[in-house]
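The values are calculated or read from the model by the stated rules, or taken from the named source; none is laboratory data. Being a predicted model, the structure only gives us computed values, none of them experimental. With ideal geometry, Cβ positions are generated from the backbone for all residues, glycine too; neighbour counts draw on all protein chains shown. Protein only, heavy atoms only, side chains kept; ligands, DNA and RNA dropped before computing areas. Shrake-Rupley method; radii C 1.70, N 1.55, O 1.52, S 1.80 Å.
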Amino acid sequence: MSKASVKEHKSPYQLRREELGLTREEASDMLEGVISPNKLEKIENDRITLHPEDVLFMSQKYNAPDLCNYYCANQCPIGQHYVPEIKIKSLSGIVLEMLASLNSVEQRKNRLIEITADGVITEDEIEDFNKIRAELERISIAVEALQLWSEKIITDGKLDPEKIKQENELHSSAK
């Protein structure tokens, strides 16, 4: 078995492979030969343009849904503009951040109604509107973090996807 790389700045793709204790050859086998060891080396060292399908496949085989978010936020030209990078945190950290943002927006909701009621944002309303918009963005990021956390614990086998599916069906039929 080859020794782990000691380079300073490793890509998330390399970090995840190493977390799994795999050489590039072993990882290529896990990836069913779809990604060769040579291509994997190029991916890990950012010497090849990645295809979304490769990232999706790697994220599934490595049980690492966060690789998709990393790709979208950092390597996809569209995603770089629209997708924030989400770091998987503890559930309590995610929930506390979400609640803090929800509380902030709750306090400002009347101001948002005042600003938007006439359909025009005037010069004197821009600052408040931008603060509210930033809070809404923090809520959106917290929701995405919770989704990513959920996907991670499902792929780790800590949550039964069938139970989640049943609960979702139960709640959607109750509406």
What is the extension gain from Q80 to L99, computed as 0.36 nm multiplied by their sequence separation minus the C-alpha to C-alpha distance, in nm to one decimal? 4.2 nm
Per residue, what volume in Å³ does the convex hull of the Cα atoms of the chain enclose? 185 Å³
Environment charge at K109 (Cβ cut-off 14 Å; Lys +1, Arg +1, Asp -1, Glu -1): 0
Those GluC sites (Glu not before Pro) from region 7-50 that are DSSP loop and have at most 13 other Cβ neighbours within 10 Å turn out to be E8, E32
Mark the label point 7 Å from the Cα of A73 along Cα→Cβ and return the residues of region 87-108 whose backbone N is within less than 18 Å of it. 87-99, 101
Probe radius 1.4 Å, ligands and nucleic acids ignored: give me the carbon and sulfur share of the accessible area of region 80-174 as a rounded percent. 55 percent
Go through R138, R17 and list them by solvent-accessible area, largest first, probe radius 1.4 Å. R138, R17
Hey, if you put +1 on the Cβ of every Lys and Arg and -1 on every Asp and Glu Cβ in the chain, which of G79, G157, L20 ends up farthest toward the positive end of that dipole? L20
Which net charge results when you count Lys and Arg as +1 and Asp and Glu as -1 among the other residues whose beta-carbon is under 14 Å from that of I43? +2
Tell me, what is the percent relative contact order of the chain, built from C-alpha pairs under 8 Å that lie six or more residues apart? 18 percent
Determine the distance separating the Cα centre of region 37-87 from the Cα centre of region 89-122; give it in Å without decimals. 31 Å
Above-threshold pairs, the threshold being 28 Å between Cα atoms, out of K10/K152; K109/K165; K39/K165; K10/K61; K39/K61; K10/K87: K109/K165; K39/K165
Under unit Cβ charges (Lys, Arg +1; Asp, Glu -1), what dipole magnitude, rounded to 20 debye, does the chain have relative to its Cα centre? 500 debye
